[in-house]
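What follows is a single structure, written as structure tokens, with notes after it.
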Amino acid sequence: MSIKLPREEMSARLKRELALRLFALQAIMGHSNLETTKHYIALVEADIREAQEKASPNKRLVGRGEMVR
């Protein structure tokens with residue numbers, strides 16, 4: 001069974017869920033300041049993005065003039 005929700009409600013629910021996870025992560029990491037937790041999340045996101053770019057064949061294919069789908 002699938003429940004369809006309006007886009008605005010889905011967005012609000014997702015934001016609440018992400019905020020709760022952020023606060024949980026803050027508590028797990030022992031940070032008193034939420035900005036510290038956000039800083040570490042940004043570092044991890046940058047690492048993931050960099051690893052993804054290195055592993056992606058897109059640059060190699062585009063560099064050879066092949067079409068990427």
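Cβ separations smaller than 8 Å between residues 6+ apart or across chains give the following pairs from region 28-45 residues that are among the basic types (Lys, Arg) to residues that are part of a helix (DSSP H, G or I): Lys38/Leu22. The set of residues in region 28-52 being under 17 Å from Leu18 (Cβ atoms) and hydroxyl-bearing (Ser, Thr, Tyr) consists of Thr37, Tyr40.
Sort out which residues of region 7-17 are surrounded by 10 or more Cβ atoms within 10 Å (Cβ to Cβ) and not acidic (Asp, Glu), and write them in order of number. Passing the criteria: Met10, Ser11, Ala12, Arg13, Leu14, Lys15, Arg16. With respect to Glu9, is the statement that it is of a type in the set (Asp, Glu) and at pLDDT below 85 true? Yes; evaluated as a whole, the condition is true for this residue. Being surrounded by 10 or more Cβ atoms within 10 Å (Cβ to Cβ), in a loop (DSSP other than H, G, I, E, B) and at pLDDT below 85 is a description that does not apply to Leu61. Among the residues making up region 37-56, those that are among the hydroxyl-bearing types (Ser, Thr, Tyr) and either closer than 20 Å to Leu25 by Cβ or within 13 Å of the chain's Cα centre (by Cα) (or both) are Thr37, Tyr40.
The values are calculated or read from the model by the stated rules, or taken from the named source; none is laboratory data. Worth saying up front: this structure is predicted, and the values here are computed from it rather than measured. Every residue, glycine as well, gets a Cβ built from its backbone with ideal geometry; the counts of neighbours run over all protein chains shown.
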